[in-house]
Amino acid sequence: MQTQLMYFITLIFASWAVIVFSFLIDITIVKFILALVAIFLGLLGFSMRYYSYILIPAIKSRGNKINLYDDPPYVLSPSGNVIFRREGNSVYASAFVKIPLYKSASEMNNDEKLEFAKLFSRLAIISQYPFKIVSQVYLVNTSIHKTTIINNINELEEKIANEKDERVLDRLKGALTMWHNLLDGLSKASPRDLVTFVMVSAVGGNEDEASNLAMQRAEEIASGISSLTGVNASVATRDEILLFCEPTTYVPIELITEKLRENVVV
Amino acid sequence: MIYLGFGALTFIILLFSAGAYGPFSIIVSALAIFGIAMIFLINYADFLVFPVVTMLLNKEIIVGKDYIIPSKQDCVLRYVNNIYYAIGYLTANIYNYVFTAEQVSEFDEERMLESVDKWENLVSNIDFSFRYNIIAIGEDVQKYREDIEGKIGFYEFQLNREMMSGNPNQQTIDELQRKINVMRARLERLSREERPVSAIMYIETIGYGVTEKSAIDDLNAKLNRLQVAFNIFDVSITRVVGRELYYLFNSDFVVYPKETLFSIFAKQA
């Protein structure tokens, strides 16, 4: 932010200086060119308020791509409980707190519903540091379950082909129908899950410093949430973190392939 | 306002001294007016200006390894395992429900009760992944209290002046009294030990496809559906484009410090 202000002041003062200089010159065309320069500097100076983050890389860029950040947007810590992002000389560490809220509105009475509605506003004041509360609806990746069911079906079909005993054959056929029904049900529905979590960040000179601070804040928030809501909020780790910040986990590739296959008209 | 004043000064000086540029005075005046218009546009509607500039220059923005903001600046694209992911955002402020400035009336309580059922219906009717995000920023109580007291003083001064004037306007008086009541209600909530919070609220979803276009089309369809679905909450929903898109994308990985958040999302927070 300091850099933005510095660019703004420098360029605005430069534009004023150019205007003053243009008044001192007698050649009209030079005066006009200086006025154009002042206008350009004035606009550039004002734009720096919002766009200093992109204008400098844009000037340096070649071709049609402006490079603002070419590293992975985050790196999972070796311990798996925070993610890091380096910006300039600072390292940001972010920790996640999952809030297990499972109760449905249909199971709540009016008082409970009112309490639930106020929950987010009460959560918003539990920490003095800025933090993010997220309610995430995501499609459950059923591909693993489907693979298991298909394997079971194949296995049963093989057994049925080799089985001679009528009674065993009936039982196997019943099991096969059950697995087929399960597979049909799973293919027709798109199971969804709702997860609520809080994300909090801390900045430090190095990864350890940032990570310790972020974990400390996350634990503070977790205990605040637990006492406020009565649920056992806990700091998320590895796979849970990926679900919260990695698009390929949040919308898994298997699910996309399946959806795309469904949409292909044969 | 300070930025705006200083920024506009260059063009105001040029406008009033245009005569000094002889035969070019008309062009200088026109450019000065254009400059003033531009800084107002940048200040109040930069989401209109910025994407137009990148579209005209055909510039794409790299915001991370494998992540690109296309020149239209309406989404973040990622290409991985032969699939394009398009991430898009909608602002969705629900102050009416829980962050209302005045006291919660019975009517509001009814709406809050309904909101729980509405939320559950919404979740069960949307068959794709999405997120509702709230970035909460706790404010300095003392500073907030001083700001409110300052505003009350200012409104009371305006009210007195209006009432003392020869021809008092009843509409202005009512409006000022309403503003004073709102401020007093906030002050009362502060004295009940409620903490002031600023919040940035937005919805995020992901579209996908085998081509860039199909992923963006999928995203647009999903955002439209979310827009319609969230309308039941009576929230103000706007598609995020331009500068804020970059910062919301970063917010998936970092919650910036208070000062940075206020400067980035000055209008929303």
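Please treat every number below as a calculation from the coordinates, not as lab data. All values reported here derive from a predicted model rather than from experimental measurement. Here the Cβ positions follow ideal geometry from the backbone for every residue, glycine too, while neighbour counts run over all protein chains shown.
Given an 8 Å cut-off on Cα distances and at least 6 residues of separation, report the relative contact order of chain A as a percent.
Working: 293 pairs, mean separation 64.4, N = 266.
Value for chain A: 24 percent.
Which residues make up the longest stretch of chain A that has no trypsin sites (Lys or Arg not before Pro) in a DSSP loop with at most 16 other Cβ atoms within 10 Å?
Numbers: sites that count: A:Arg62, A:Lys103, A:Lys164.
Counting only loop sites that pass the neighbour cut-off, the longest clear stretch is A:165-266.
How about segment B:173-269: which trypsin sites (Lys or Arg not before Pro) there are in a DSSP loop, with at most 16 other Cβ atoms within 10 Å of their Cβ? Mind showing how you got there, number by number?
Values: sites: B:Arg178, B:Lys179, B:Arg184, B:Arg186, B:Arg189, B:Arg192, B:Lys213, B:Lys222, B:Arg225, B:Arg239, B:Arg243, B:Lys258, B:Lys267; in loops: B:Arg192, B:Lys267.
Loop-located and lightly packed - B:Arg192, B:Lys267.
Give me the inter-chain shielding for A:67-79: mean count of other chain Cβ atoms within 10 Å, whole number please. Could the numbers behind the result be given before it?
Working: counts 4, 8, 9, 6, 2, 5, 12, 5, 1, 0, 0, 0, 0.
Mean shielding count: 4.
Counting only other chains, and only Cβ atoms inside 10 Å, what mean value do you get across the residues of A:108-118?
Details: counts 4, 0, 4, 1, 1, 7, 7, 2, 5, 11, 5.
Going residue by residue through A:108-118 and averaging, the value is 4.
With the contact rule set at Cα under 8 Å and sequence spacing of 6 or more, what percent relative contact order holds for chain B?
Numbers: 310 pairs, mean separation 70.9, N = 269.
After rounding, I find 26 percent.
For chain B, what is the mean residue ellipticity at 222 nm derived from helices alone (per DSSP H run of n ≥ 4: -39500 (n - 2.57); sum divided by total residues; nearest 500 deg cm²/dmol)?
Numbers: 9 runs with 152 residues, N = 269.
Using -39500 (n - 2.57) per qualifying helix, the result is -19000 deg cm²/dmol.
How do B:Ser165, B:Ser115 rank when sorted from fewest to most other Cβ atoms within 10 Å of their own Cβ?
Numbers: B:Ser165 10, B:Ser115 23.
Least crowded to most crowded, the residues run B:Ser165, B:Ser115.
Pulled fully out, how much extra length does the chain show between A:Glu209 and A:Glu87, if you take 0.36 nm times their separation in residues and subtract their Cα-Cα distance?
42.4 nm
What nm value, rounded to one decimal, do you get for the distance between B:Leu9 and A:Phe40 when each label is placed 7 Å out toward the C-beta?
Each label point lies 7 Å from its Cα, and together they span 2.3 nm.
First measure r as the distance between the Cβ atoms of B:Val80 and B:Asp217, then evaluate 1/(1 + (r/R0)^6) with R0 = 22 Å and state the FRET efficiency to the nearest 0.05.
Result of the calculation: an efficiency of 0.75.
Rounded to the nearest 5, what % of DSSP beta bridges with both residues in the protein assembly as shown are antiparallel?
Working: 65 of 68 bridges.
Percentage antiparallel, nearest 5: 95.
Tell me, how many Å apart are the Cα centres for segment A:102-122 and for segment B:192-214?
22 Å
What is the ratio of the Cα radius of gyration of the protein assembly as shown to 2.2 N^0.38 Å, with N the residue count, to two decimals? Each step should come with its number before you reach the end.
Working: Rg = 28.6 Å, N = 535, 2.2 N^0.38 = 23.9 Å.
Compactness ratio reported: 1.19.
Would you be so kind as to identify which of A:Leu156, A:Trp179, A:Ser143 lies farthest towards the positive end of the dipole of segment A:143-188, taking Lys and Arg as +1 and Asp and Glu as -1 on Cβ and the Cα centre as origin?
A:Ser143
Modelled label-to-label distance, A:Thr3 and A:Asn181, 7 Å Cα→beta-carbon offset: nm?
6.4 nm
Inside 10 Å of the C-beta atoms of B:21-27, what's the mean count of C-beta atoms belonging to other chains? Spell out each step's value before the answer.
Working: counts 8, 4, 3, 7, 3, 0, 3.
The mean count of partner-chain Cβ atoms within 10 Å per residue comes to 4.
Taking a 24 Å limit on the Cα-Cα distance, which of the listed pairs B:Lys143/B:Lys258; A:Lys103/A:Lys146; A:Lys146/A:Lys188; A:Lys65/B:Lys213; B:Lys72/B:Lys222; A:Lys259/B:Lys213 fall beyond it?
A:Lys103/A:Lys146, as the Cα separations exceed 24 Å there.
How high is the relative contact order of segment A:24-102, in percent, counting Cα pairs under 8 Å that sit 6 or more residues apart?
On the way: 40 pairs, mean separation 9.6, N = 79.
That works out to 12 percent.
Grab the beta carbon distance between B:Asn160 and A:Arg238, set R0 = 45 Å, and tell me the FRET efficiency rounded to 0.05. Provide the component values of the computation, followed by the final result.
Values: r = 63 Å, r/R0 = 1.40.
Once rounded, the FRET efficiency stands at 0.10.
Could you check the simple spin-label distance between B:Leu190 and A:Ser227, using points 7 Å along Cα→Cβ, in nm with one decimal?
Distance between label points: 2.5 nm.
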